[in-house]
1. How large is the dipole of the stretch 3-49 about the Cα centre if only Lys and Arg carry +1 and Asp and Glu carry -1, each at its Cβ, rounded to the nearest 20 debye?
2. Enumerate the calculated ³J(HN,Hα) couplings along the stretch 94-111 in order (Karplus 6.51 cos²θ - 1.76 cosθ + 1.60, θ = phi - 60°), each rounded to whole Hz, writing x wherever the residue is Gly or Pro.
3. Can you tell me the mean projection area, over all orientations, of the convex hull of the stretch 89-138's alpha carbons? Units nm², please.
4. Determine the shape class of the stretch 3-49: with a ≥ b ≥ c the square roots of the Cα gyration tensor eigenvalues, call it rounded for a/c under 1.5, and otherwise prolate if a/b is greater than b/c, oblate otherwise.
5. How far apart, in nanometres, would the label points at residue 51 and residue 126 be if each is projected 7 angstrom from Cα along the Cα-to-Cβ direction?
6. Dipole of the stretch 3-49 (Lys/Arg Cβ +1, Asp/Glu Cβ -1, origin at the Cα centre): which of 7, 25, 40 lies farthest to the positive side?
7. Given a Förster distance of 30 Å, report the FRET efficiency between residue 115 and residue 157 from their Cβ-Cβ distance, rounded to the nearest 0.05.
Amino acid sequence: MNAEDLTEIERAGRRCGVCRSGRGWRRFEIVRPAEREPIVLCGSCRARFGDDPPVARKPEPEPTSAALKLLSPPKPDAGERRTDRRPDRLRAALGKLPGSFSTAMAARAAGLNNDKTLARLHDLERRGEVQRVGNRWSTGPPPDELATAMDRLAARTNNLRIVRDRARVG
Ligand SMILES: [Zn+2]
């Protein structure tokens, strides 16, 4: 290793330019591919890539607009995405419905059949946009389970207190 190599290794932070390993950096090698910056390589990357490591290559030419067009056609198998791109009748209808509604009400409002509406409601439920409350749906926030539990606990505690007070009286 000469002084110039050492400078390159130091400049690379004593790390391999490919795998970023710093192990055994004293045995690192420098390759100088044509028209590229010198590249510091650890022993295994040197063995693997030789004089053409996959870093610091000249940037790929910009894709032409024709190539971009080829990349952009929508994928017909992306079912959910396709649904999303269409104006969502159900979502629009939800805005007009009361906070709590049945599947049939949503279906009527959206002009969809019940099965389709139910499937979409389940979909929206997974996204947290609607909640199932009993056999109805709600666009409001989910029922606060903690508050409900506290209410139940409070009710039970009151009963206990009544019993205890009675006991004390007796
Ligand atoms: Zn390496």
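1. 340 debye
2. Once rounded to whole Hz, the list reads 4, x, 8, 7, x, x, 10, 8, 8, 4, 5, 4, 5, 4, 4, 5, 8, x.
3. Numbers: hull surface 11.3 nm².
Averaging across all directions leaves 2.8 nm² for the Cα convex hull.
4. Oblate.
5. 5.5 nm
6. 25
7. Numbers: r = 46 Å, r/R0 = 1.54.
So the FRET efficiency works out to roughly 0.05.
Each value in this text was obtained by applying a stated rule to the coordinates, not by laboratory testing. Just so it is clear, the structure is predicted and the values come from calculations on it, not from any experiment. Neighbour counts are summed over all protein chains in view; Cβ atoms, including those assigned to glycine, are modelled from backbone coordinates with ideal geometry.
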